[in-house]
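Only one structure is covered here, and it is reproduced in the block below.
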Amino acid sequence: MGVYTYENEVASVIPPAKFFKAFILDADHLYPKIVPNQPQNEIIEGDGGPGTIKKITFNHGGQVKTITHRLDVVDEATLTYKYTVLEGDLISDTIDQIVKEIKVTAGPDGGSILKSTSIYHTKEDNQLDQEKLKSGEEKGLALLKAAESYLLANPNEYN
């Protein structure tokens, strides 16, 4: 099995606790406000905390139609969120599982820094297409920036 790590760091003007609350904890309510054809979220097992298994069905007609992931960590004290993609269109003949960790820390001038680490576990000695990997990660960053724009336009939400 191979392991590939993709790390990214993005600055935001939104304070860390507010950003974590909106972008992570309230994602199921925030995303319909900022994304056309919002995906449907269904809890398969659990109560929304660690151990919860959630299935996400995308309605946008893209390559990824479904993702099933297990929530591993939700830590409001350290503003850390971690999940493991178990099934769906991201899992393939090449990829066995994906572990994603997001940590929000204090940034300059009261803003925040979002640190994202994605660990791709491949089947056998398969190689990953680095361009596809980068493209997928950039879509996640676009969602983050859309959330930031929404929060700036609606400053009284998530206080």
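The values are calculated or read from the model by the stated rules, or taken from the named source; none is laboratory data. Computed from a predicted model, the values in this text were never measured in an experiment. Virtual Cβ from ideal backbone geometry, glycine too; neighbours counted across all protein chains shown. Accessible surface areas use protein heavy atoms only, side chains included; no ligands, DNA or RNA. Shrake-Rupley method; radii C 1.70, N 1.55, O 1.52, S 1.80 Å.
Quick notes
- Some residue of segment 28-44 being open to solvent by 70 Å² or more (accessible area, probe 1.4 Å), closer than 16 Å to Ile102 by Cα, under 15 Å from the mean Cα position of the chain (by Cα) and not hydrophobic (A, V, I, L, M, F, W, C): no
- Restricting segment 81-103 to residues that are open to solvent by 50 Å² or more (accessible area, probe 1.4 Å) and of a type outside the set (A, V, I, L, M, F, W, C), the residue that is modelled with the lowest pLDDT is Asp89.
- Residues (free of Cβ contacts under 8 Å to residues at least 60 places away in the same chain and open to solvent by less than 40 Å² (accessible area, probe 1.4 Å)) located in segment 135-159: Gly140
- Condition met for Val10 (touching a helix residue (DSSP H, G or I) at 6+ places or on another chain (Cβ under 7 Å), within 23 Å of Ala142 (Cβ to Cβ) and open to solvent by less than 30 Å² (accessible area, probe 1.4 Å)): yes
- First in segment 108-128 and within 15 Å of Phe19 (Cα to Cα), second anywhere and in a loop (DSSP other than H, G, I, E, B) and open to solvent by less than 30 Å² (accessible area, probe 1.4 Å), Cβ under 7 Å, 6 or more apart: Gly111/Ile14; Ser112/Ile14; Ile113/Gly107
- Qualifying positions in segment 1-37 - in contact with a Phe, Trp or Tyr (Cβ under 6 Å, 6 or more places away or on another chain), outside any strand (DSSP E or B) and closer than 30 Å to Asp93 by Cα: Ile24
- Candidates are the residues of segment 47-80 that are open to solvent by less than 50 Å² (accessible area, probe 1.4 Å) and in a loop (DSSP other than H, G, I, E, B); the one that is modelled with the lowest pLDDT is Gly62.
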